[in-house]
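Read the structure below first, then the notes.
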Amino acid sequence: MNHDAGACRPVNWALLAVAVLGSLSGGLARGAAPSSAPSLNDVYAILATKRFVDLTHSFGPQTPHWKGFGEMKVRTLYTIDKAGFHVEEYCHVGQWGTHVDPPAHFHEGLKTVDQIDPKDMLLPLVVIDVHDQVARNPDYVLTVADVQSWERRHGRIPAHAFVAMRTDWSKRWPDDDAMQNRDGAGVAHYPGWSLPVLKLLYEDRRIAASGHETTDTDPGLATTKDDYSLESYVLGTNHYQIELLANLDQVPEAGALVMVSFPKPEHGSGFPARVIAILP
């Protein structure tokens, strides 16, 4: 479904409380200063009234994944009947299901999962919706014109935002063949980002992170040739990305917040993530 959100208003992201209130209750009037900063209890009282949307797929042994990974294995170690408690052992690569790619996934010496700043895990959410274009052309890549169109409707993309590309590709989940969408020659056809857009977002708009519904940053035509240069670019900026997002059709283009969380493996090169949108 499509949502019509009002234009973004400038907020002071140095104060989390003001940020949340600004995003969830319509923002402060332009140029106006708050008379006093709200308490975190005030912020929670507002958050508790809002709708939370899970942008995360549940994962298991049949989860769609990159072609180079093996299958996930689950082994039951203890059961309630026999031991009084239930424990399972999970074996899968870090990049499994909806997951975080830290900069160190592609670049030695850059941030690993455990080095991602917690302040980069609660962010304004920007959703650039190109699902209609993708429905007509599965090889569609995001364009600068798409970003400019968003900004005409909502204002300049705020610094420190999380920008998600909505393609509705997640509706193909969990059918791996449908996700990869290969033709008779084995060429994958799915949408992706473009370098001009990523440069605009990371270098000019100064966003904190980005995400998408497909298995890769790069479009299928590129990954078929093992070209992952766009993912390398994103991670090379020392920012993280989230792959295999879900339910972006339930989130407005502007005005929401996103919470991104994941475990903290030491020197981690990736891990399954939980991503939740808070709607205005």
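Ranked by how many other Cβ atoms sit within 10 Å of their own Cβ, fewest first, the residues D168, D175 fall in the order D175, D168. If a/c stays under 1.5 just call it rounded; otherwise compare a/b with b/c (prolate if a/b is bigger, oblate if not). Do that for the chain, with a ≥ b ≥ c from the square roots of the Cα gyration tensor eigenvalues. In terms of gyration-tensor shape, oblate. Put simply, the amide H of Y78, placed in the peptide plane, has neighbours under 5 Å in V87, leaving out anything fewer than 5 places away on its chain.
Taking a point 7 Å from the Cα of E203 along the Cα-to-Cβ direction, the residues of the range 232-246 with backbone N closer than 20 Å to it are 232-241. Classify the range 184-277 from the C-alpha gyration tensor, please: rounded if a/c falls under 1.5, else prolate or oblate depending on whether a/b exceeds b/c. Here the range 184-277 falls in the rounded category. Distance between the C-alpha centres of the range 162-230 and the range 87-143: 10 Å, rounded to the whole angstrom. For the residue pairs K171/K199; K111/K199; K73/K199; K67/K264, the C-alpha atoms sit more than 31 angstrom apart in K73/K199. Note on the chain: antiparallel DSSP beta bridges, both residues inside, total approximately 65 percent of the bridges counted. Going from the fewest other Cβ atoms within 10 Å to the most, the residues D176, D204 appear in the order D204, D176. With all projection directions averaged, the alpha carbon convex hull of the range 52-198 covers 13.0 nm². Among 81-94, 185-198, sorting by the average number of other beta carbon atoms lying within 10 angstrom of each residue, highest first, gives 185-198, 81-94. Listed by chain and number, the lysines placed with their C-alpha closer than 24 angstrom to that of K50 are K119; residues fewer than eight positions away on the same chain are left out. Per-residue ellipticity at 222 nm from helix content only, as computed over the chain with -39500 (n - 2.57) for each DSSP H run of at least four residues, stands at -5000 deg cm²/dmol. Residues D120, D218, D226, D249 in ascending order of nearby Cβ atoms (within 10 Å, fewest first): D226, D120, D249, D218.
Bear in mind these aren't lab numbers, they're just calculated from the coordinates by the rules spelled out. Model, not experiment: these values are computed from the prediction. Glycine gets a Cβ as well: all are built from the backbone with ideal geometry, and neighbour counts include every protein chain shown.
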